[in-house]
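Here is the structure we will look at.
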Amino acid sequence: MIISDHHRFAFVHIPKCAGVSIKHPLRAVDTTAGYFSRIGEHEAMGRIHFAHITLRDLAEHFPGEAAKLRDYRAFAVVRDPTQRFLSALFQRLREFKQLNQSDITRNRIEQEAADVIRYLESDPVRLDLEHVHFNRQSDYVFHAGERIVDDIFPIERMADVVAYVADQTGISVEEERQNRSTEVRFAAVRPLVRLLRRPYAALVPYALRNHLRNRLVSAGIYGDVNKGAMLPAGGYVDGFVRSYYKQDFALHTASL
């Protein structure tokens, strides 16, 4: 979350909705000085991702910031829930299961989806750090049945987000999404990519890696992973997503 007292403006970062691309340039006007852009301990909630606090928890534990969201012009970006669920599975496998991108197969995705669904169906008070990316998008827009966030943009229209942020703050946001799931188009090269991935990540700064990846995508060497092929439509997982994220589907459709 970004809050700018000077502009009376706020960005609510919904997980897996291009938040990194938006937050980075807005840090220059962030009154919280990056407080809500970290992983850390909270005395009541335990170890959490402060960037992904739901509005319910914000109202309970950070009433001052919650009040500002009501008073300021707040916006968020939303995404098709099925695509977002798959993206969250990919991130979970990379971040918490230490899998390389090229090691993530359809079978592994299906297994992980089943584990995540069992966790979500247990109905925890709040999702833990390993599952925070599976929070409902509506939990970042509504609180106690009231819509708190003024402006909602679909991820498909990032050009509108760029224009909106520039109008509100004068800051330029890049349209390019970061944290994309990409893979080498040539299967024969993937073993070498897996071998070099860790030293490459350790030695090359993130911004440069992202720039180089975008150049490789433009050249046709890298491409976005076809996540839609990972889980069949009409199956058990698809049915769960459509039920659990029913309000999110309506939210995304309305944003379009």
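For every residue, the table says whether it meets (1) closer than 21 Å to H6 by Cβ; (2) touching a Phe, Trp or Tyr at 6+ places or on another chain (Cβ under 9 Å).
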position	(1), (2)
A33	yes, no
F36	yes, yes
R47	no, no
I53	no, yes
A66	yes, no
L69	yes, no
A74	yes, yes
F96	no, no
N100	no, no
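Between R118, R190, which is basic (K, R), in a helix (DSSP H, G or I) and either at pLDDT 95 or above or exposed (fewer than 12 other Cβ atoms within 10 Å of the Cβ) (or both)? First the steps, then the outcome.
On the way: R190 fails: either at pLDDT 95 or above or exposed (fewer than 12 other Cβ atoms within 10 Å of the Cβ) (or both).
After ruling out the rest, the residue left standing is R118.
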Pairs needed: first member in segment 104-131, within 17 Å of P81 (Cβ to Cβ); second member anywhere, in a loop (DSSP other than H, G, I, E, B) and of a type outside the set (F, W, Y); C-beta distance under 7 Å; at least 6 residues apart or different chains. I109/M230; I109/L231; A113/L231; L127/N135
Mind checking which helices (runs of 4 or more DSSP H) fall wholly inside segment 2-114 and carry at least 1 residues that are crowded, with 20+ Cβ neighbours inside 10 Å, at pLDDT below 95 and not β-branched (V, I, T)? 19-26, 81-95
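The values are calculated or read from the model by the stated rules, or taken from the named source; none is laboratory data. As the structure is a computational prediction, the values presented were derived from the model and not from experiment. Note: ideal-geometry Cβ built from the backbone for every residue, glycine included; neighbour counts use all protein chains shown.
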